[in-house]
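The values are calculated or read from the model by the stated rules, or taken from the named source; none is laboratory data. The model shown is predicted, which means the values in this text are computed figures rather than measured ones. Every residue, glycine among them, receives a Cβ derived from its backbone with ideal geometry; neighbour counts consider all protein chains shown.
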């Protein structure tokens, strides 16, 4: 993606140090074969023959990847690009000519990737590239789940609420949307596996999909207590031998521990 250098870019280039998030995004920008990935998406991407011209597929892809890497909701991703120079630079957006895509557009793009099994291929490719570059350590995984809120007005083509979207309660607040389950390399904070379910699916249900074949330790917050008793864990030759470090239930007012999204964003 070609970018025109701005005065802000010159100013930031003169900083004495870069943040870990910026370093990570720069590495991913150089590592990912953008044109190859865009070519996978283009046959299914809206052509914009009627109405407003759609946002470019590469821009949407970059936004989607950042959302998953940093465990952000659709609205949170939109806000983060406005707040973060590193994210804005990775996205390659110039606010004098265009704005960040809204949460609904990002939601539709995610559905497009899932519907055509593109998301799974992209993250498998990322995982392999990180592995070959020595950026993945293996052995330990942090598991967590993040609610991706969707506008309550989200409808499918039949003008009904999307069946993949459900309402769930977290703490004292209700949320409507999906849930992203993440497996994060404990040594580096890089996401290696992602699955998606309805928001009302319990975090613990997807754990067996997030543990790698060579993991011997799993870390999680207290919502995963009892994971080793689940049938898909105790009846699996490998998963039953994994050591599960689950945080104790916190006292009221204390924050949870070992959250994957916290570990990931904290690393960058």
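Quick notes
- So residue 71, is it within 16 Å of residue 119 (Cα to Cα), at pLDDT below 90, assigned by TED's automatic domain parsing to the domain that holds residue 120 and not in a helix (DSSP H, G or I): yes
- Single condition residue 54 does not satisfy, out of (1) part of a loop (DSSP other than H, G, I, E, B); (2) touching a strand residue (DSSP E or B) at 6+ places or on another chain (Cβ under 9 Å): (2)
- In the stretch 125-140, of all residues being in a loop (DSSP other than H, G, I, E, B) and touching a helix residue (DSSP H, G or I) at 6+ places or on another chain (Cβ under 9 Å), the one that is nearest to residue 238 (Cα to Cα) corresponds to 138.
- Subset of the stretch 213-241 (residues that are part of a loop (DSSP other than H, G, I, E, B), buried (at least 16 other Cβ atoms within 10 Å of the Cβ) and touching a strand residue (DSSP E or B) at 6+ places or on another chain (Cβ under 6 Å)): 215
- Taking the criterion of being over 17 Å from residue 56 (Cα atoms) and part of a loop (DSSP other than H, G, I, E, B), the only residue of the stretch 74-98 that qualifies is 84.
- In the set (1) modelled with pLDDT of 95 or more; (2) in contact with a strand residue (DSSP E or B) (Cβ under 7 Å, 6 or more places away or on another chain), the condition left unmet by residue 194 is number (1).
- Long-range neighbours under 9 Å by Cβ, at least six apart or interchain, first residue at pLDDT below 95 within the stretch 13-40, second surrounded by fewer than 10 Cβ atoms within 10 Å (Cβ to Cβ): 13/5
- Of all residues in the stretch 99-124 being assigned to a loop (DSSP other than H, G, I, E, B) and over 11 Å from residue 41 (Cα atoms), the one that is modelled with the lowest pLDDT: 99
- Number of positions in the stretch 46-73 that are buried (at least 17 other Cβ atoms within 10 Å of the Cβ) and within 19 Å of residue 122 (Cα to Cα): 16
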